[in-house]
Amino acid sequence: MNCETARQQIVLLIYGELSFEEEEILESHLDACVECNQERARLEKLSSFADLAESEVPAGLLARCRRDLTAALEQERRRPSLSSIFRGFWQKWFVNPPMWMRPAGALAMLAVGFFGARLLPDQSSALSQIGVSQGPPPTISKVRLVNPDNSGQVLVHYDEVRPRELRGNINDDRIRRLLLAAAADPADPGLRVDSIDILKSQTSDNEVRHALLNVLRADTNSGVRLKALDALRPYAKDPDTRKTLAQVLLSDDNPAVRTQAIDLLVQSKEPDVAGVLQQLLQNEENGYVRSRSQKALNDMKASVGTF
Amino acid sequence: MKTGATLALDHGPCRAVGQNLGMDEAALIRAAQAGDQDAFERLVRDYDQSVLRLAMNLLRSPEDAHDVYQEAFLRVYRNLPSFRFDCNFNTWLYRIVTNLCLDHLRKRKVRKTESSVVETEEGSIDRMDSVPEQRASSDPQRALLSSELRTRIQQVLAGMTPRERLVFELRHFQGMRLRAIGETLGTTEEAAKNCLFRATQKMRSALGEFV
Ligand SMILES: [Zn+2]
């Protein structure tokens, strides 16, 4: 092997891209050739320099990307498509049957009912599983997939929605499950806030707490996240809650949420809180949040600069 | 230095689980193709950290990285139904991401010749410099690195062609193998090797005095 070939292969050696045989041949050249061996040392050092130029992902960027993506996907799903045409069709026929059908009265409606029942079997919705009584007929909320086959038939996957109502005690499992669903309804932040407000009294339930932690981590609306944070207040010492709070503290883009997270974390008086606060101070740009965490650290008599 | 030890992409713990249960990802993709939103979200979460890191590193701008993230996963969402498993999902996704990054890098090159983008780039460097005491404590190595050396590295990276930059990025920071890089960029392993070699040469000649 000559020096020129060796120089070309040193890079590949450093990156572990040589075959066993190639590596053997190169290594024996490097053993014998001082200059090429020095070149290897230089390239290794260069490579470690490059490591230092790696840019950090700013705190909160990942969370912001995820939220914006959720919103963009939501919009994508709502784009006018086949589904809206279907929705129009079903609403027209179920809610406002055309005039020519009305004189036939019950019989015509029965026919529509039969037609509807055959085409729209009641099997999917969570509501039917929990035994809410029958209400108005369903409408199609979204067509997810249309798939023609060779025989000329088309397979259609769709979602249907059926407006219904249920009244009950908050301890009723069905009510609770509806509230949990509402707390995650992407369409309506107001509904989410109201639901969380009611669920606040149910945080001893694991499922409720879990749902609130999810809201705190991922809800796109900071008001809703604050509400969830507030609801979790009595569980500041619960390990899962603390884990999420630490995560939120380091990634949430809303200073008010971060401030609240600090307050709640500090309440628990656990020693690992100091580490989280120190980590926060590395990147925190908001002056108020900084001073708040600095004060918390001072109160804990932890040194701000060491960890 | 991140080299040989990494066999494929480093995707963090989530991804590691997915790799152990290779079937799981295919099932996840099929579910997402059938319209399962949770499955799609899980797929995103398996990859989005390394996608963001890649975009951030290549473009060095949180806003651009954010745009690439959004656009990439929206494209994945729109085109997933036509994904036919004839390549790795991983390769397919990175093809989308790297194409978007290349577009950004090329646009930037054009802008650069038209006006002085240097200002914006220096702006982002200044931003980093404005918090020196935080950096120093978060990573002592960074403090040791003289600002001159750091600026020089930024310049070398900016002086690479978009392709060289991409290959260097994928091999050095993302730990991707050259063969996979070739596949992702729609070229050969040999071409990827050459790009890596040229990229390293540029580093070598610009930073020679430091080593
Ligand atoms: Zn030699």
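The values are calculated or read from the model by the stated rules, or taken from the named source; none is laboratory data. It should be emphasised that the depicted structure is a prediction, and the values quoted were computed from it without experimental measurement. Cβ sites come from the backbone with ideal geometry, for glycine too, and all protein chains shown count toward neighbours. Remember, those area values only see protein heavy atoms, side chains included, never the ligands or the DNA or RNA. Shrake-Rupley method; radii C 1.70, N 1.55, O 1.52, S 1.80 Å.
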Calculated on alpha-carbon atoms, Rg and Dmax of the stretch A:137-235 in Å
17.7, 61
Run the quick spin-label model on A:Asp172 and B:Arg179: label points 7 Å from Cα toward the beta carbon, then report their separation in nm to one decimal.
6.2
At R0 = 35 Å, FRET efficiency that the Cβ-Cβ distance of A:Asp188 and A:Arg290 yields, to 0.05:
0.50
By average C-beta atoms within 10 angstrom, highest first, the peptides A:39-45, B:43-49
B:43-49, A:39-45
Which trypsin sites (Lys or Arg not before Pro) does the stretch A:163-216 hold that lie in a coil by DSSP with at most 16 other beta carbons within 10 Å?
A:Arg164, A:Arg167
Given a 1.4 Å probe, show me the residues in the stretch A:14-56 buried by at least 40 Å² of accessible surface when comparing the whole protein assembly to the chain alone.
A:Tyr15, A:Glu17, A:Arg42, A:Leu46, A:Phe49, A:Ala50, A:Asp51, A:Leu52, A:Ala53, A:Glu54, A:Ser55, A:Glu56
Between the alpha-carbon centers of the stretch A:246-277 and the stretch A:214-230, tell me the distance in whole angstrom.
14
Between A:Asp253 and B:Gln201, take the C-beta separation as r, use R0 = 60 Å, and let me know the FRET efficiency to the nearest 0.05.
0.90
Zone of A:Arg77's modelled label, taken as backbone nitrogen in the stretch B:59-86 under 17 Å from a point 7 Å along Cα→Cβ
B:73-81
How big is the B-A contact in terms of buried accessible area, both chains counted, 1.4 Å probe, rounded to the nearest 100 Å²?
5100
Please give the Cα centre distance for the stretch B:28-79 versus the stretch A:20-62, rounded to the nearest Å.
31
Taking placed amide H atoms and a strict 5 Å upper bound, the residues 5 or more places from A:Val161 or on another chain that come that close are A:Thr139, A:Ile140, A:Ser141
Each label sits 7 Å from Cα toward the beta-carbon; between A:Asn298 and B:Asn88 the label points are separated, in nm, by 5.2
Label-point separation (nm) for A:Asn37 and A:Ile25, each offset 7 Å from Cα along Cα-to-Cβ?
2.1
